[in-house]
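See structure below.
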C-alpha cells in the first residue's frame, strides 16, 4: 500500500470564545488552520486526518496524523441538533466497501502498527549508521 501525506493551509478568520474557571470570557482569534491528511494512492481514500490550529504545523501534528491513520476511526458524537454524518459520510474504513481496497481494513491497520513498532530503533542512530 502506498500512501501520501498532504498538508493544506486554510486562511480563515475564526473567533473562539471560552469561559475561564473564574467565569470570564476569553476571546482568541485564529487566522490559519492546517488540514493534514494521509491518503491511500490506489483508492484515494483518506486513511487519517488531523486539524492543527497553529500558524504552522509541527512534527507533533504529523505524528498525530499518522496515529489517526493507523488507529480505527471512531465516529464523532455531535452535540448540535441536526448535525451529523450524511448517508455517504465518514471515512472509507468504516464503510462497507473497506475490504474492496487493499489495506483499508482495521485488521491491516493493526498489523501495520505492530510492524512499525517492531522495526523502530530503540535508541537514536549514531552518525555512522545513518543513511
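The values are calculated or read from the model by the stated rules, or taken from the named source; none is laboratory data. Everything numeric in this text was worked out from a predicted model, so none of it was measured. So basically every Cβ, Gly included, is an ideal-geometry build from the backbone, and we count neighbours across all protein chains shown.
Quick notes on this one:
- In the stretch 24-44, of all residues being out of contact with any strand residue (DSSP E or B) (no Cβ under 7 Å at 6 or more places or on another chain) and on the phi < 0 side of the Ramachandran plot, the one that is surrounded by the fewest Cβ atoms within 10 Å (Cβ to Cβ) corresponds to 24.
- Residue check, residue 82 part of a loop (DSSP other than H, G, I, E, B) and on the phi > 0 side of the Ramachandran plot: yes
- In the stretch 91-105, the condition of being on the phi > 0 side of the Ramachandran plot and at pLDDT below 85 is met by at least one residue.
Listed here are the residues, each with its yes/no results for (1) out of contact with any helix residue (DSSP H, G or I) (no Cβ under 9 Å at 6 or more places or on another chain); (2) over 22 Å from residue 11 (Cβ atoms).
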position	(1), (2)
26	yes, yes
31	yes, no
35	yes, no
41	yes, yes
48	no, yes
54	no, no
58	yes, no
61	yes, no
65	yes, no
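- Criterion: part of a loop (DSSP other than H, G, I, E, B), more than 10 Å from the chain's Cα centre (by Cα) and within 21 Å of residue 88 (Cβ to Cβ) - qualifying residue of 55, 74: 74
- Comparison of 64, 9 shows that the only residue that is surrounded by 10 or more Cβ atoms within 10 Å (Cβ to Cβ), at pLDDT 90 or above and in a strand (DSSP E or B) is 9.
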